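The values are calculated or read from the model by the stated rules, or taken from the named source; none is laboratory data. All values reported here derive from a predicted model rather than from experimental measurement. Here the Cβ is made from the backbone with ideal geometry for all residues, glycine too, and neighbour counts use every protein chain on show. For accessibility, only protein heavy atoms count, side chains too; no ligands or nucleic acids. Shrake-Rupley method; radii C 1.70, N 1.55, O 1.52, S 1.80 Å.
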Amino acid sequence: MNSTLLIVIIGIVAFWMILYALFGRREEKEEGLTVDLFIAMWRTKRLLGLIDSLAGKAKRFWKVYADVGIVLGFAGMVYVFYALLKTAMRTIQTGGEQSGVQLVIPGVTIPLWYGLIALAVVMVVHELSHGIVARAEDLPLKSVGLVLLAVIPGAFVEPDEEELEKAPLRSRLRVYGAGSLANVATALIALLIINFAITPVLQPAGILVSGVLEDGPAFGVLQKGDIIIAMDGQQIRDMDSFINFMNTTKPGQVVTLTVLRNGEELNLQLKLGAHPEDPEKGYIGIYPAQHVVSKIGYENIVLPLFFTFYWIYVLNIGIGLMNLFPLVPLDGGRMLDDVVKAYLPERVAKPVRYFTIGVGLFLLALNLWPALANLVG
């Protein structure tokens, strides 16, 4: 297991042991802090008035909004099921080299602070949307609050489940579909901000080495964080120029890489290997990413804003759609489950539900297995 990952896991476990010793073993309350193993929830009723106000001012809008969420819910359900089925088939064919679901662990699989901020946005808009639509449907809420699941922060809105179960089917579907609709809408807003407000002030400035393969030619020569700005004296500003140069190389060829490392310019000699997918082409063995700088300066503001909105976009679109996967307790699973129970007799609905759960778990396992193997391997 990766030593960094092991240290992270030990730190997380120690944190939760201390937190549980201090605040655990208490009865769940309508308000206040509740701590269980690897989950902490803080509930309050103080924000219920704000949700009531937002829902009450434009009930008709929220109902139409939620109807769009129903359409998105079932369309997204079909898309996610198809995408995971397709990737699962590829996983079987390649012996586990393809992964359809990536684990979201801040500081391990995604950047720490950008990831935490983006995850918080995902949870807040998702749960707030559930809550507003529930109140627009005159369904009571018990509380709102904050949650920490292992290392993932979030927010939640706690509806009265008994009243929700009694509500008409359309009202329930509106509540379930509203969360993912809010995530998709937030992702689109973030994308618009990136494309029209941030990207115009950025310019490409080399290729960032975001990782080095241990069995690749660059291992021991390049380091994570290096920025390649030239190859054999040819300026490399963007991914196209990097790819075009590499397409002209051969295995065994020695190239001179001009890189920026901690602000210092270095010239490094590297003997290329054979590309795994095309043995006639040269191969470096790195994970390349586009490096950008600000045209207007203020890089300590512009670049953090870019990456913050980028991860808000990526996680909202990814988690929002994944939440529509037809597997209870995900929103997509609850939508499908309620429709099946409403329109099919119990003797048919029950086997259909079990079949859906079985297929869903199988597909999810096939898609998660490569990601888990990469994480611990």
Qualifying positions in region 211-238 - under 26 Å from the mean Cα position of the chain (by Cα) and open to solvent by 50 Å² or more (accessible area, probe 1.4 Å): Lys224, Asp238
If you check Ala187 against the conditions, is it closer than 30 Å to Ile317 by Cα, in a helix (DSSP H, G or I) and touching a Gly at 6+ places or on another chain (Cβ under 9 Å)? yes
Looking at region 42-62, I want the residues that are farther than 12 Å from Glu158 by Cβ and have a partner that is in a helix (DSSP H, G or I) and open to solvent by 70 Å² or more (accessible area, probe 1.4 Å) with Cβ atoms under 6 Å, at least 6 apart or on another chain. Which pairs are those? none
Tally, over region 108-144, of residues that are open to solvent by less than 50 Å² (accessible area, probe 1.4 Å), assigned to a helix (DSSP H, G or I), among the β-branched types (Val, Ile, Thr) and more than 15 Å from Val314 (Cβ to Cβ): 2
Please go through region 269-295 and give me each residue that is more than 23 Å from the chain's Cα centre (by Cα), within 19 Å of Asp238 (Cβ to Cβ) and open to solvent by 50 Å² or more (accessible area, probe 1.4 Å), ordered by number. Lys295
With the requirement that a residue be assigned to a loop (DSSP other than H, G, I, E, B) and loosely packed, with under 13 Cβ neighbours inside 10 Å, what does region 239-249 give you? Asn247, Thr248
Single match in Leu330, Leu321, Leu363 (criterion: within 19 Å of the chain's Cα centre (by Cα) and without any contact (Cβ under 8 Å) to a residue 12 or more places away in the chain): Leu330
Tell me, which residue of region 299-340 that is at pLDDT below 90 and over 25 Å from Pro153 (Cβ atoms) is least open to solvent (accessible area, probe 1.4 Å)? Pro326
If a residue counts only when it is surrounded by fewer than 17 Cβ atoms within 10 Å (Cβ to Cβ), of a type in the set (Phe, Trp, Tyr) and modelled with pLDDT under 85, which helices (runs of 4 or more DSSP H) contained entirely in region 1-98 have at least 2 such residues? 3-23
So, Ser171, is that one closer than 20 Å to Gly145 by Cα, in contact (Cβ under 8 Å) with a residue 12 or more places away in the chain and either open to solvent by less than 30 Å² (accessible area, probe 1.4 Å) or touching an Asp or Glu at 6+ places or on another chain (Cβ under 6 Å) (or both) or not? no
Determine if region 349-367 includes at least one residue that is closer than 21 Å to Arg174 by Cα, out of contact with any His (no Cβ under 8 Å at 6 or more places or on another chain) and modelled with pLDDT of 90 or more. no
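Okay, residues lined up against (1) among the charged types (D, E, K, R); (2) touching a Lys or Arg at 6+ places or on another chain (Cβ under 7 Å); (3) within 29 Å of Phe362 (Cβ to Cβ):
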residue: Leu103; (1), (2), (3): no, no, yes
residue: Ala118; (1), (2), (3): no, no, no
residue: Glu163; (1), (2), (3): yes, no, no
residue: Arg172; (1), (2), (3): yes, no, yes
Within region 239-253, how many residues are of a type outside the set (Phe, Trp, Tyr) and under 29 Å from the mean Cα position of the chain (by Cα)? 3
